[in-house]
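Trainee: I am attaching a structure below and will ask some questions about it afterwards.
The values are calculated or read from the model by the stated rules, or taken from the named source; none is laboratory data. All values reported here derive from a predicted model rather than from experimental measurement. Ideal geometry is used to build each Cβ from the backbone, glycine not excepted, and the neighbour counts take in all protein chains shown. When the accessible area is computed, the model is the full protein with side chains, heavy atoms only, and any ligands, DNA or RNA have been set aside. Shrake-Rupley method; radii C 1.70, N 1.55, O 1.52, S 1.80 Å.
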Amino acid sequence: MASKIQPVKGTREFYPEQMFLRNFIYEKVRAASQAFGYQEWDAPFIEPIDLYAAKSGEELVKKQSFTFQDRGGDFVTLRPELTPSLTRMIAAKQGELTFPLRWWSFGPFWRYEQPQKGRSREFFQWNIDMLGVDSPLADAELIAVAAAFLRSVGLNPLLASIYVNNRRLMESEFDALGIIPEKRLEVSNLVDRRSKMEPAKWDAYALELGLTQKQVDGLKNILSNFELWKKSDELTRLFAALEALGVKEYVKFNPNIMRGLLYYTGTVFEAYETSGSLKRAILGGGRYDNLLADVGGPPLPAVGFAMGDVVIGIILQEYGLLPEFIPTPAAVLVTLFDITMWIKSFELAVQLRNAGLNVMVYPEPVKLQKQFKFADRMKMKIALTVGPDEAANDQVAVKNLVNGEQVTVKREAVVEFIRKILARV
RNA sequence: GAGCCUGUAGCUCAACGGCAGAGCGCUACACUGUGGCUGUAGAUGUUGUGGGUUCGAAACCCAUCAGGCUCCCCA
């Protein structure tokens, strides 16, 4: 019967099948990161609340994070993001680290938000950053890492795109429209929201913010000008680098990408699935040259991005891009013929494991029919049986569960025989 | 913080005021040394929980819990 105690809201239980998906994502993340020479690292999962309160708004930390008092009375927070920890760790060992720094991480994060499609309260996030270089070439590299990941999971440029913009470019365009700096945050949110709102509503909302009709029209011109990047030296160099890196087909300039005004200073980018069925970014990031100094760290230019496991997981499942789930890591089952034969089965299993094979022994002498059915359902490839006849002749019955063929072989030949079958299936 | 929707067998769902059902899965047998495919038979329910309306409630009403979706937010 089901337990009355439910999992905490917004958490996910990882049954083997979901664990397989999580590990699949992790493997691809690691491969993409390491292909470009990034080092894996991690930080504590719980941090002092002050680490976040300094940078993020007090409100954000209190309302949108898991914070509690430990037994000593100190306030601690389950990490909602990684950058503050990164900053601290860089500052602590600044003199010992070899720059430029290329670091990546994949671990759990917690945010106290309303769970919905593509968002949970406990999730895994890939963070990858390059620190110590201020150059469009570095920006291009991070975008290339993202593209390499997308490609590796089967999301080709028709299925997913990376949209790029530049904050400095937008700032200068906003200046040209005479939008005062005090309105920048609101205008930025306005831009962010454009794809979600009906055009008429969006116009009304823009006027509500106090923009003049002329400014609204100007803004719309900017946001629909997909040639705007040519005015930016940074973006021109970025796109040239992206072409050289062989990922040009994944990347499109899009003036609607803002990512708030939080701390990005230059290039910003977000990857989306192109069908738009899920209106959430797969990943997002950009250049943040002032952040480290702003929060009391070393003054280091930086670029990076983050990707949660939830959105990408949904997309991979919807597109059927996951490899077949194999329930057990053991391809071989040794059946238990009856209670008198158990020692033979165990000995056989040991022999096979010593030869490096993953082997499961059925743990009770139930009907062979049931044991074979179990092997079938676990998608195992081979079932071995040692009954009285085989035992008397020092043999093993080897059944290939994929094609149904069964052969009785000498015990000393069984490892080689199994290897041959496994090489074929 | 706000709105909408959904909770029925292990799973997916039907029944929409009148006997709680189907498909899948499960168990047994056909097949006492062998899975998948097939056939036959069988088991499985506090209809999320608590209350109310009614001759009668899975259905209607109230409360509550849980989940989903959307808005807000998204480091």
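Trainee: Quick one: would you say A:Ser195 is of a type in the set (S, T, N, Q) and over 28 Å from A:Gln39 (Cα atoms)?
Mentor: Working: of a type in the set (S, T, N, Q): yes; over 28 Å from A:Gln39 (Cα atoms): yes.
Yes; evaluated as a whole, the condition is true for this residue.
Trainee: Among (1) within 30 Å of A:Ile25 (Cβ to Cβ); (2) part of a helix (DSSP H, G or I), which single condition is A:Lys373 missing?
Mentor: (1)
Trainee: Scan region A:338-355 for residues that are touching a residue at least 60 places away in the same chain (Cβ under 8 Å) and either closer than 30 Å to A:Pro115 by Cα or open to solvent by 80 Å² or more (accessible area, probe 1.4 Å) (or both) and report the count.
Mentor: Going residue by residue through region A:338-355, those that are touching a residue at least 60 places away in the same chain (Cβ under 8 Å) are A:348, A:351-352, A:355.
Checking the rest, the ones that are also either closer than 30 Å to A:Pro115 by Cα or open to solvent by 80 Å² or more (accessible area, probe 1.4 Å) (or both) come to none.
Qualifying residue count, region A:338-355: 0.
Trainee: In region A:135-181, what count of residues is obtained for those that are closer than 18 Å to A:Ala32 by Cα and acidic (Asp, Glu)?
Mentor: The first filter runs over region A:135-181 and keeps only residues closer than 18 Å to A:Ala32 by Cα, leaving A:137-157, A:160-162.
With acidic (Asp, Glu) added as a condition, the list becomes A:139, A:141.
Final tally of qualifying residues: 2.
Trainee: Of everything in region A:347-363, what is touching a strand residue (DSSP E or B) at 6+ places or on another chain (Cβ under 6 Å) and either closer than 13 Å to A:Val396 by Cα or small (Gly, Ala, Ser) (or both)? Give them in sequence order.
Mentor: Result: A:Leu348, A:Ala349, A:Leu352.
Trainee: In this structure, does A:Ala375 turn out to be within 30 Å of A:Leu131 (Cβ to Cβ) and within 8 Å of RNA strand B (Cβ to nearest atom)? Step through it out loud before you land on a result.
Mentor: On the way: within 30 Å of A:Leu131 (Cβ to Cβ): no; within 8 Å of RNA strand B (Cβ to nearest atom): yes.
So A:Ala375 does not fit the description; no.
Trainee: Would a scan of region A:73-93 turn up a residue that is aromatic (Phe, Trp, Tyr) and closer than 14 Å to A:Pro298 by Cα?
Mentor: At the first step, the residues of region A:73-93 found to be aromatic (Phe, Trp, Tyr) are A:75.
Then drop every residue that is not closer than 14 Å to A:Pro298 by Cα, which leaves none.
Checking region A:73-93: not a single residue is aromatic (Phe, Trp, Tyr) and closer than 14 Å to A:Pro298 by Cα.
Trainee: Mind checking which residues of region A:255-278 are farther than 23 Å from A:Val133 by Cα, surrounded by fewer than 22 Cβ atoms within 10 Å (Cβ to Cβ) and over 23 Å from the mean Cα position of the chain (by Cα)?
Mentor: A:Asn256
Trainee: What number goes with the only condition from (1) over 28 Å from A:Glu17 (Cα atoms); (2) near RNA strand B (Cβ under 10 Å from one of its atoms) that A:Lys381 does not pass?
Mentor: With (1) over 28 Å from A:Glu17 (Cα atoms); (2) near RNA strand B (Cβ under 10 Å from one of its atoms) applied to A:Lys381, the lone miss is (1).
Trainee: Name the strands (runs of 3 or more DSSP E) wholly inside region A:238-340 in which the number of residues that are under 23 Å from A:Val164 (Cα atoms) and within 12 Å of RNA strand B (Cβ to nearest atom) is 1 or more.
Mentor: Details: elements: A:251-253, A:267-273, A:283-287, A:302-308, A:332-334.
Answer list for region A:238-340: A:267-273, A:283-287, A:302-308.
Trainee: Could you name every one of the helices (runs of 4 or more DSSP H) located completely within region A:112-203 that has at least 3 residues being within 16 Å of RNA strand B (Cβ to nearest atom) and either open to solvent by 40 Å² or more (accessible area, probe 1.4 Å) or not assigned by TED's automatic domain parsing to the domain that holds A:Ile90 (or both)?
Mentor: A:184-193
Trainee: Among the residues that make up region A:376-397, is at least one of them under 39 Å from the mean Cα position of the chain (by Cα) and of a type in the set (Asp, Glu)?
Mentor: Of all residues in region A:376-397, those under 39 Å from the mean Cα position of the chain (by Cα) come to A:376-383.
Next cut, of a type in the set (Asp, Glu) only: A:376.
So far as region A:376-397 goes, yes, one or more of its residues are under 39 Å from the mean Cα position of the chain (by Cα) and of a type in the set (Asp, Glu).
Trainee: Now a separate question. Which one of these does A:Asn358 not meet: (1) more than 15 Å from RNA strand B (Cβ to nearest atom); (2) touching a residue at least 60 places away in the same chain (Cβ under 8 Å)?
Mentor: Evaluating A:Asn358 over (1) more than 15 Å from RNA strand B (Cβ to nearest atom); (2) touching a residue at least 60 places away in the same chain (Cβ under 8 Å) leaves (2) as the failure.
Trainee: Here is a follow-up. Of all residues being surrounded by fewer than 21 Cβ atoms within 10 Å (Cβ to Cβ) and closer than 21 Å to A:Met380 by Cβ in region A:309-337, which is nearest to the chain's Cα centre (by Cα)? Just the residue, please.
Mentor: So the residue we want is A:Leu322.
Trainee: Taking A:Glu405 as meeting all but one of (1) open to solvent by 30 Å² or more (accessible area, probe 1.4 Å); (2) near RNA strand B (Cβ under 9 Å from one of its atoms); (3) in contact (Cβ under 8 Å) with a residue 40 or more places away in the chain, write down the number of the exception.
Mentor: Going through (1) open to solvent by 30 Å² or more (accessible area, probe 1.4 Å); (2) near RNA strand B (Cβ under 9 Å from one of its atoms); (3) in contact (Cβ under 8 Å) with a residue 40 or more places away in the chain one by one, A:Glu405 breaks only (3).
Trainee: If A:Leu207 satisfies every condition in (1) at pLDDT 90 or above; (2) more than 16 Å from RNA strand B (Cβ to nearest atom); (3) part of a helix (DSSP H, G or I) but one, which is the exception?
Mentor: Failing condition for A:Leu207: (1).
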